[in-house]
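Worksheet: the structure to be examined is printed underneath.
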Amino acid sequence: MAGKQLPCTPALLHPESVLNNPLPIVDGVGPSSHRLPVGEWRAVLDFLVDHFPAIDASIWERRMARGEVVDELGLGITPTTPYRAGACIFYYRELESETPIPFTEQILFQDEHILVVDKPHFLPVAPTGKYLQETLLVRLRKRGLPDSLVPIHRLDRETAGVILFSVNPETRGEYAAMFQKRRLEKVYEALALDAHKSVFPIVRRSRIITGEPFFRMKEVDGEANTETRIERLEAVSGEVALYRLTPLTGKKHQLRIHLSELGMPIVNDRLYPVLLDDEDDFSRPLKLLARSISFQDPITGEQRRFQSKREL
């Protein structure tokens, strides 16, 4: 079987962000890519069949015949193309069916450099796994936004709220640097179990690593790599309170884990503290919202603040 894949694109951005994709964007969807690892496969087709066991060789052969599998130079891959470790291959993903996400995104701001969007719950930011057309990036492109559009940072599928996209590849790095160097403030809100007897604000620092299964994270002993400031705003109903969360770091599922480990899990969280079934229940969204993002614009020098219009 194939080993761990190395991306053909910068790690910060989604694979579609590669600037010189040898395949065009079609119906809002750009090509996926793989850098071929060291291995004993004789042909690229052998690797693809091994790495994607759910896709029959005949399907790959038909894609190749249509010119939809190419290398980094745009040269077509055929069933007999020799395997070359380190090469990049590009291809289009296909899904037999996709569940429609019955919620709509809202554009908050757009200029020649960035696009700011208010994302709904359940909608993935970019194509991944079983999501392709029903993703924020593809929806925006199909609305007429440029193919150069890519997300600058991440926002979980289950989380709603403010997310920034880069429109202009020439200034993309300057906006991405804000997140890398933490030259901005992100504020979230959450409905979670009311810990009214605790003393707020609470600053939670811990070490978070990948857990089991792979899509869950976990806290472990060791030097902290995450930090969140937690403020209790008000009681909402019964045993639930509204919290303001200000993360100083951006680890995956950081806010969900910090609240869960403090004994106040977020309402409708299907991952923490207990892993529940993975079927979406659109009537029970995760009560976590990326409320606002603030920063000094690296191009114009303006002080920016964008706020979600959604309510938990």
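Checked against (1) open to solvent by 20 Å² or more (accessible area, probe 1.4 Å); (2) aromatic (Phe, Trp, Tyr); (3) closer than 24 Å to LEU123 by Cα, TYR175 meets all criteria but (1).
Within segment 71-100, the set of residues being touching a helix residue (DSSP H, G or I) at 6+ places or on another chain (Cβ under 9 Å) and open to solvent by less than 80 Å² (accessible area, probe 1.4 Å) comprises ASP71, GLY76, ILE77, THR78, PRO79, THR81, TYR83, ALA87, ILE89, TYR91, TYR92. Report, by residue number, each residue of segment 154-203 that is over 17 Å from LEU259 (Cα atoms) and part of a loop (DSSP other than H, G, I, E, B). Correct list: ARG154, LEU155, ARG157, VAL167, ASN168, PRO169, GLU170, THR171, LYS181, ARG182, ARG183. Residues in segment 156-172: is at least one of a type in the set (A, V, I, L, M), within 17 Å of PRO265 (Cβ to Cβ) and buried (at least 17 other Cβ atoms within 10 Å of the Cβ)? No. Looking across segment 183-227 at every residue that is among the aliphatic types (A, V, I, L, M) and free of Cβ contacts under 8 Å to residues at least 60 places away in the same chain, the one that is surrounded by the fewest Cβ atoms within 10 Å (Cβ to Cβ) is identified as VAL199.
Scan the strands (runs of 3 or more DSSP E) fully inside segment 228-312 and keep the ones with 3 or more residues being crowded, with 19+ Cβ neighbours inside 10 Å.
240-247, 288-296
Report yes if GLU189 is within 23 Å of the chain's Cα centre (by Cα) and of a type in the set (Asp, Glu), otherwise no. Spelling it out, GLU189 is indeed within 23 Å of the chain's Cα centre (by Cα) and of a type in the set (Asp, Glu).
Scanning segment 99-137 for residues that are in contact with a strand residue (DSSP E or B) (Cβ under 7 Å, 6 or more places away or on another chain), in contact (Cβ under 8 Å) with a residue 40 or more places away in the chain and under 23 Å from LEU288 (Cα atoms) yields a total of 14. Scanning segment 110-140 for residues that are surrounded by 13 or more Cβ atoms within 10 Å (Cβ to Cβ) and more than 30 Å from PHE47 (Cα to Cα) yields a total of 15.
Go over the candidates LEU262, LEU233, LEU248 one by one and state the one that is under 21 Å from the mean Cα position of the chain (by Cα) and among the aliphatic types (A, V, I, L, M).
After applying the criteria, what remains is LEU248.
The values are calculated or read from the model by the stated rules, or taken from the named source; none is laboratory data. What you see is a predicted model, and the numbers here were worked out from it, not measured in a lab. Virtual Cβ from ideal backbone geometry, glycine too; neighbours counted across all protein chains shown. Protein only, heavy atoms only, side chains kept; ligands, DNA and RNA dropped before computing areas. Shrake-Rupley method; radii C 1.70, N 1.55, O 1.52, S 1.80 Å.
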